[in-house]
Structure formats: structure tokens, C-alpha cells
Amino acid sequence: MKPIEHVFEGDYYDYGSLLDSFDYETVLQADVGDWQGDTLVLFKDGDRYGFLTFGWGSCSGCDALQACNHLKDVKELRQHLFDEIIWRDSKAEMRDFLANRDWEAQWYGGYEDTRKFVKQAVEKLK
């Protein structure tokens, strides 16, 4: 990961920069929702692929990044997101994971944008 001190300028924190700091290739990303929702990301790191999802909101009461008051808080959130990435060792394994996951059992699974993300991700992993 990139040093957190090199990721943000000033006190403005954003998820895009936070995800970029992982130093993985972002293959596909989708935001599900509008003023609150979830982000789904497919990463590539060499031959392995990772999937991450996390929720966000419109205020510091419902958004972990907006609730961060110090760079230390952002660093802890970044580590939490980093640790939540689900990794598979190959394209085929990640494609199988995404294609066969019970998406309806996920809180974000019933959205059309989620179904679209899964379909696009599976296509990219062929």
C-alpha cells in the first residue's frame, strides 16, 4: 500500500483515493445507490483477483470515511477495507465465485446495478 500521508491532501478524504492507495489494478467498479449505498470493486493483483464491497452514506453518521476526524482514523478504515477484500487465485476462481454467489442474500444484492456489475465482471473474467 502507498503511505497514507501521500494519499490525501489536507483534510478532504475520498474513497477513490483510498482505493487507489491499495496499489491494485481496478478492473471494474460500481456504485449502487445515490445518496447512500454500496461500492463494489473487482481488483487484479498479478494473477489473482479480489472483490470488495463497502457501504457509504451522505453524512458522518452513516459514512465511515466522513466520520474520520484524523488521518489515523482514515488509516484504520483503509486497513479494514483492505482486510475485507475477498481474494481468489485466478480469473476462473473469481469468475466462479461471482457467478455462483447468492447475491440475493447480500444487502446490496437485489439492486439492478449489482446484477449489472456481476454480469460485467463475469464477462471480463472470461
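If you go through segment 66-82 one residue at a time, do you hit one that is farther than 24 Å from MET1 by Cα, out of contact with any Leu (no Cβ under 7 Å at 6 or more places or on another chain) and not aliphatic (A, V, I, L, M)? I'd like the intermediate steps shown before the answer.
Residues of segment 66-82 that are farther than 24 Å from MET1 by Cα, as a first pass: none.
No, segment 66-82 contains no residue that is farther than 24 Å from MET1 by Cα, out of contact with any Leu (no Cβ under 7 Å at 6 or more places or on another chain) and not aliphatic (A, V, I, L, M).
Within segment 28-54, being more than 19 Å from LYS91 (Cβ to Cβ), assigned to a strand (DSSP E or B) and without any contact (Cβ under 8 Å) to a residue 40 or more places away in the chain holds for THR39, PHE54.
Taking the criterion of being surrounded by fewer than 14 Cβ atoms within 10 Å (Cβ to Cβ), on the phi > 0 side of the Ramachandran plot and not hydrophobic (A, V, I, L, M, F, W, C), would at least one residue in segment 34-57 satisfy it?
Checked segment 34-57: at least one residue is surrounded by fewer than 14 Cβ atoms within 10 Å (Cβ to Cβ), on the phi > 0 side of the Ramachandran plot and not hydrophobic (A, V, I, L, M, F, W, C).
The set of residues in segment 8-27 that are more than 29 Å from LYS91 (Cα to Cα) and either of a type in the set (Val, Ile, Thr) or surrounded by fewer than 11 Cβ atoms within 10 Å (Cβ to Cβ) (or both) comprises GLU9, GLY10, ASP11, TYR12.
Only a single item in (1) more than 16 Å from TYR15 (Cα to Cα); (2) surrounded by 14 or more Cβ atoms within 10 Å (Cβ to Cβ); (3) in contact (Cβ under 8 Å) with a residue 24 or more places away in the chain is not met by ARG101, and it is number (3).
Any residue in segment 3-16 that is within 11 Å of the chain's Cα centre (by Cα) and of a type outside the set (Asp, Glu)?
The first filter runs over segment 3-16 and keeps only residues within 11 Å of the chain's Cα centre (by Cα), leaving 15-16.
Now drop any that are not of a type outside the set (Asp, Glu), which leaves 15-16.
Yes, the conditions are met somewhere in segment 3-16.
Readers should treat all values here as calculations from the given coordinates under stated rules, not as data from a laboratory. It should be emphasised that the depicted structure is a prediction, and the values quoted were computed from it without experimental measurement. Positions of Cβ are generated from backbone atoms using ideal geometry, with glycine treated the same way; all protein chains shown enter the neighbour counts.
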